[in-house]
Amino acid sequence: MYRDPVESFEPLHSPLAATRTLRVGMIGIGTVGSGTFRVLARNQAEIAARAGRAIELVIVAARNLERAAGIVGDSVALTADAMQVATHPDVDVVVEVAGGTGPALDWVLAAIAHGKHVVTANKALLAVHGARIFAAAREQGVVVAYEGAVAVSIPIVKALREGLAANRIEWVAGIINGTTNFILSKMRDEGLDFAAALAQAQALGYAEADPTFDIEGIDAAHKLTLLAANAFGMPLRFADAQVEGITALQGLDVACAEQLGHRIKLLGVARRQAAGVELRVQPALVPSGHLMAHVNGSMNAVMVKSDAAGLTMYYGAGAGSEQTASAVIADLVDVARLDGVAAAQHVPHLGVHAHATKALAVLPRAAVHTSHYLRVPVHAVGQIQAVTACLAEQKVPVRQVALAAERPGIGPQVLVLTGPVVQGTLDLAVHALQARPEAAGPVVTLRVEALEG
Ligand code: HSE
């Protein structure tokens, strides 16, 4: 129940803090906010038992107050002014689930400046402005928690920062955008074209307000940026990520990949190399027998390779109202336990490891080292040798070569799986192939990820 600020306010970080109700102000009551309200109310007793005290939603900021009242009834105060929630003296923690990188930045910074912890599911905000937000939080000794920002139902942030705390992480790779995974699954399973599959994903509520963020790989890159910073202790380097979405992906390549025993997934990959970190999102071939190839529909999965635990994998819903609420409330439980504990004693939510920042620059695209799929349109089936000879000349190792199954209206296509090679070498080889008289159209290349330990 909302109480008068003066009557119930106790300073944060006092020894008493851990024994009284954690008072939550929420900005936004759309899909995620309404789910958070429902789950908090439904599982009140369990949540309080795990948090060691009650967690109570006391005020909500909403654009449409009538609609918001329809969701929360009269149990929670409502305001149209988000800044009022961010700075409210009766709020211990601000949940920001409005989204966007505009006003949300001001609200989050204001909340931190007022000594409030922040829980957010806003991956774009943190990927783009995280350096400033986390610096402000460190200064104020408050927590900025963001489990709901990455692969919502999967506690991957907690797994990296706590469960794998003993490990040196070597790589993190995942399907971290539900919309594109849904689209790719529909294209493969039902032969739907891209536009029809996207329309279905939007109707089901998976897509971002601007679906460009999903289909161009930007949303996945936001999440990957957070995972890499968490895994490697490097700064948030969203601007340096190599990002490629699925809009240029052709149904023909989905089918040809299948012929070669692979499936195409939009993968986010952050891999540590001696010279730096690969930070990249792209459609990539994964062997059909690999668990990652069987992550379908809007589901997400993340694999982590670390030195002590080895290979671990995490799977769950990547979008959804209560699925995101689950992560938001888990963060609230953490905050309930941490409130009043000196900041230096928290496991950092985003540790920038002093030793790592210099070495862990993002590698340029040309230095990325993977295997590749090539589809080379040729004039005649007998020209397969010319393709392999050209690749040998360019020092690209060939692991598998085949002719694509015949399709009406499509000429012969040579399919190649290469061994591992740096992107710079592959680019030169593709340039050479394209210049050959046998090339009957644009050469298509995609990365191949073995995702092995
Ligand atoms: N649009 C996002 C997705 C929602 O499809 O994964 C969850 O971040």
| query | Within the set of pairs 6 or more residues apart or between chains, which connect a residue that is in a strand (DSSP E or B) inside the stretch 232-249 to a residue that is among the polar types (S, T, N, Q) with Cβ atoms less than 9 Å apart? | reply | Q242/Q282; V243/Q282
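Within the stretch 364-381, is there a residue that is in a helix (DSSP H, G or I), within 16 Å of the ligand (Cβ to nearest atom) and under 29 Å from A239 (Cβ atoms)? Step through it out loud before you land on a result.
Restricting attention to the stretch 364-381, the residues satisfying the condition of being in a helix (DSSP H, G or I) are 365-367, 381.
Remaining after also requiring within 16 Å of the ligand (Cβ to nearest atom): none.
For the stretch 364-381, residues in a helix (DSSP H, G or I), within 16 Å of the ligand (Cβ to nearest atom) and under 29 Å from A239 (Cβ atoms): absent.
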| note | Expected single match for open to solvent by 50 Å² or more (accessible area, probe 1.4 Å), modelled with pLDDT of 95 or more and assigned to a loop (DSSP other than H, G, I, E, B) among A308, A354 is A308
| field | Flag if L426 is part of a helix (DSSP H, G or I) and touching a His at 6+ places or on another chain (Cβ under 7 Å) | value | yes
| query | Any idea how many residues of the stretch 185-217 are within 12 Å of the ligand (Cβ to nearest atom) and assigned to a helix (DSSP H, G or I)? | reply | 7
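Restricted to the stretch 190-207, and to residues that are touching a residue at least 24 places away in the same chain (Cβ under 8 Å) and farther than 16 Å from L266 by Cα, which residue is nearest to the chain's Cα centre (by Cα)? Break it down stepwise before answering.
Our first condition is that a residue be touching a residue at least 24 places away in the same chain (Cβ under 8 Å); within the stretch 190-207, this holds for 191, 193-194, 201, 204-207.
If we keep only those that are farther than 16 Å from L266 by Cα as well, we get 191, 193, 204-205.
Values: G191: 26, D193: 25, L204: 19, G205: 17 Å.
Taking the candidates together, the pick is G205.
Does E190 meet the test of being among the charged types (D, E, K, R) and closer than 23 Å to V286 by Cα? Show your work before the answer.
Details: among the charged types (D, E, K, R): yes; closer than 23 Å to V286 by Cα: yes.
Yes.
What's the total number of residues in the stretch 210-259 that are small (G, A, S) and closer than 12 Å to T179 by Cα? Walk me through it before giving the result.
Here is the first cut: in the stretch 210-259, the residues small (G, A, S) are 217, 220-221, 228-229, 231, 233, 239, 241, 245, 248, 251, 255, 257.
Okay, now just the ones that are also closer than 12 Å to T179 by Cα, so 217, 220, 245.
Qualifying residue count, the stretch 210-259: 3.
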| request: Working only within the stretch 399-424, note down all residues that are surrounded by 13 or more Cβ atoms within 10 Å (Cβ to Cβ) and either in the same structural domain as V254 (by TED's automatic domain parsing) or aliphatic (A, V, I, L, M) (or both). | output: V401, A402, L403, A404, V414, L415, V416, L417, V421, V422
| Among the residues of the stretch 177-188, is there at least one that is touching a helix residue (DSSP H, G or I) at 6+ places or on another chain (Cβ under 7 Å), within 23 Å of I329 (Cα to Cα) and open to solvent by less than 10 Å² (accessible area, probe 1.4 Å)? | yes
| note | Within the stretch 38-81, the residues that are open to solvent by 10 Å² or more (accessible area, probe 1.4 Å), in a helix (DSSP H, G or I) and touching a residue at least 60 places away in the same chain (Cβ under 8 Å) are R38, V39, L40, I47, R50
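With crowded, with 18+ Cβ neighbours inside 10 Å and either over 18 Å from R63 (Cβ atoms) or within 16 Å of the ligand (Cβ to nearest atom) (or both) as the only criterion, which of G100, G115, G130 stands out? Don't jump to the end; show me each part of the working.
Values: G100 fails: crowded, with 18+ Cβ neighbours inside 10 Å; G115 fails: crowded, with 18+ Cβ neighbours inside 10 Å.
Sole residue among the options that is crowded, with 18+ Cβ neighbours inside 10 Å and either over 18 Å from R63 (Cβ atoms) or within 16 Å of the ligand (Cβ to nearest atom) (or both): G130.
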| field | Unmet requirement for D90, which otherwise passes all of (1) away from the ligand (no atom under 16 Å from the Cβ); (2) of a type outside the set (G, A, S); (3) not in a loop (DSSP other than H, G, I, E, B) | value | (3)
| Selection count, the stretch 278-305, where residues are outside any loop (DSSP other than H, G, I, E, B), open to solvent by 20 Å² or more (accessible area, probe 1.4 Å) and more than 16 Å from the ligand (Cβ to nearest atom) | 4
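Here is a list: V172, V243, V254. Which entry is touching a strand residue (DSSP E or B) at 6+ places or on another chain (Cβ under 7 Å), away from the ligand (no atom under 16 Å from the Cβ) and modelled with pLDDT of 95 or more?
Values: V243 fails: away from the ligand (no atom under 16 Å from the Cβ); V254 fails: modelled with pLDDT of 95 or more.
Just one listed residue meets the conditions, V172.
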| message | For the stretch 218-230, give me the residue count where each residue is open to solvent by 10 Å² or more (accessible area, probe 1.4 Å) and away from the ligand (no atom under 12 Å from the Cβ). | response | 1
| request: Would you please name the residue that is nearest to the ligand (Cβ to nearest atom), looking only at residues in the stretch 331-341 that are surrounded by fewer than 19 Cβ atoms within 10 Å (Cβ to Cβ) and not β-branched (V, I, T)? | output: R337
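The values are calculated or read from the model by the stated rules, or taken from the named source; none is laboratory data. What you see is a predicted model; the values in this text were computed from it and never measured. Quick reminder, even Gly has a Cβ in these numbers, built from the backbone with ideal geometry, and neighbours come from all protein chains shown. What goes into the accessible areas is simple: the full protein's heavy atoms, side chains included, and nothing from ligands, DNA or RNA. Shrake-Rupley method; radii C 1.70, N 1.55, O 1.52, S 1.80 Å.
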